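In what follows, a single structure is set out as structure tokens and then discussed.
Only the coordinates and a few stated rules stand behind these numbers; no lab work does. This one's a predicted model, so the numbers in the text were calculated from it and none came from an experiment. Counting neighbours? That spans all protein chains shown, and the Cβs are built from the backbone with ideal geometry, glycine included.
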Amino acid sequence: MSKKRENTAFICEQCGATVKPVTNGSYRNHCPYCLYSKHLDDKPGDRKSACQGLMMPIDIVYNPKKGYQIVHQCVSCGHIRRNLVATNTIQDDHIFTFLNSRKTHTKQ
């Protein structure tokens with residue numbers, strides 16, 4: 001599947017937000033608001049996963065070569081995958097909201 005075909009708008013299955021295609025030359029595979037993704041791939045880009053479960057954001061990490069990445073874990077099968085944070089586009093990822101919510105949950 002080409003990046004142009006993958007870079008399409010979609011409705012987030014977790015929060016219901018309308019997610020626009022990115023405008024930075026990449027493609028988006030997660031919601032910029034709640035950061036949830038969908039378990040579509042066995043290998044990156046193959047779209048062959050039988051699971052199709054929602055992928056919950058569990059962490060944000062920094063890779064010196066790739067930049068910030070969202071770590072997702074499938075709520076159905078437990079599979080873990082990293083995805084690049086979308087920046088410089090029409091809908092930047094709300095990573096600070098996610099990080100702040102994690103701080104709130106860890107204080108309790």
One finds, for Tyr62 and Ile11 with R0 = 25 angstrom and r their Cβ-Cβ distance, a FRET efficiency to the nearest 0.05 of 0.25
Residue span Ser76 to Asn100: 0.36 nm per residue of separation minus Cα-Cα distance leaves a gain in nm of 6.1 nm
Count of lysine pairs, segment 1-74, Cα-Cα under 23 Å, sep. 8 or more residues or interchain, comes to 17
